[in-house]
Amino acid sequence: MTEAQSAIPERDISAAGWVLVTFRVVLMLILLVVCTPLHFLWKLVGAGRFWPRTFLAGVGAIAGLHIKQEGKRRRHSLILANHVSWLDIPALAHATGTAFVAQDGLAAFPFLKWLCEMNETVFIARHDRNRIADQVAQVKAAMDQSGSLTIFPEGTTSDGDDLLPFKSALLSAVDPFPEGAVMQPVLLKYEDGPSFAWVGTEPGLDNFLKVLARTKPIRLTIHFLEPITGDALENRKSMTHTARSAMLAKLAA
């Protein structure tokens, strides 16, 4: 085997696993076909984001996601959550109805951009200081309209057993923090997270297939921690430091 061949990850999926993958993908496509026109009908009458949330919650359920919630969720909040898997998105959408903040590079993929826009994703250009004022307005509007908005401050995924350093630059659009808004740390704690977490150089498609081929349920506890208040909201570095400290304490508990 050549070095190039050895660098290609193997999809260790059994024949039964492929049947399960196919079944789940078909269900997801049916769900998308049903929810998409209903979403646009709802949008015409200003009825909100019920169908994107329904679609994302359905994707999680089809993938075998079982969710337990602990703590009190605060409405109209900016959620700072750790990032383990693509399942984080359907899990949080189901639990909170949240929209998400994403880096503007994601908008380069038309299908993903289209899906994100249906859920009113806010695309942030981290290195364009000229657009910060506009992005602050988008973030505040998203919190008001959807009830919450989520940022993954690690900027990538971890295995769920620990937290990566938080990138305070991801909070540039909320520095200074909007008056009257709430910032809430949320810890996503999966049972056996490292077995399916999307980490390292694993291609996204391989991870997607690996998750859908699982026969065991994926159990997740969403811990809603106490909101960040006072001096901790002074700037983006204090926000990320305070949020990460609270999440580490909960992870170790």
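Place the peptides 45-53, 201-209 in order of packing, highest mean first, counting for every residue the other Cβ atoms within 10 Å and averaging per peptide.
45-53, 201-209
Taking a 26 Å limit on the Cα-Cα distance, which of the listed pairs Lys167/Lys250; Lys189/Lys216; Lys210/Lys237; Lys113/Lys167; Lys72/Lys216 fall beyond it?
Result: Lys210/Lys237; Lys72/Lys216 exceed 26 Å.
Rank Val34, Val59 by accessible area, highest first, at a 1.4 Å probe radius?
In descending accessible area the options line up as Val34, Val59.
If you roll a 1.4 Å probe over region 158-251 with all protein chains in place, what percent of the accessible area is carbon or sulfur? The partial results should precede the final answer.
Details: 2330 of 4420 Å².
Summing carbon and sulfur atoms, their accessible area is 53 percent of the total for region 158-251.
Counting pairs of alpha carbon atoms under 8 Å apart in space and at least six apart in sequence, what relative contact order in percent does region 138-253 give?
Value for region 138-253: 33 percent.
Taking Cα pairs under 8 Å and at least six residues apart, what relative contact order does region 158-213 come out at, in percent?
Averaging sequence separation for qualifying contacts and normalising by length gives 49 percent for region 158-213.
Quick one: which of 78-91, 19-32 comes out on top by average Cβ neighbours within 10 Å, and what's the full order, highest first?
78-91, 19-32
With label points built 7 Å along Cα→Cβ from the Cα atoms of Val34 and Leu248, find their separation and express it in nm.
4.5 nm
The values are calculated or read from the model by the stated rules, or taken from the named source; none is laboratory data. Given the structure is predicted, the values throughout are model-derived calculations rather than measurements. Cβ atoms come from the backbone with ideal geometry, glycine included; neighbour counts cover every protein chain shown. Ligands, DNA and RNA are stripped out before the accessible areas are found, and what is left, the full protein with its side chains, is counted by its heavy atoms. Shrake-Rupley method; radii C 1.70, N 1.55, O 1.52, S 1.80 Å.
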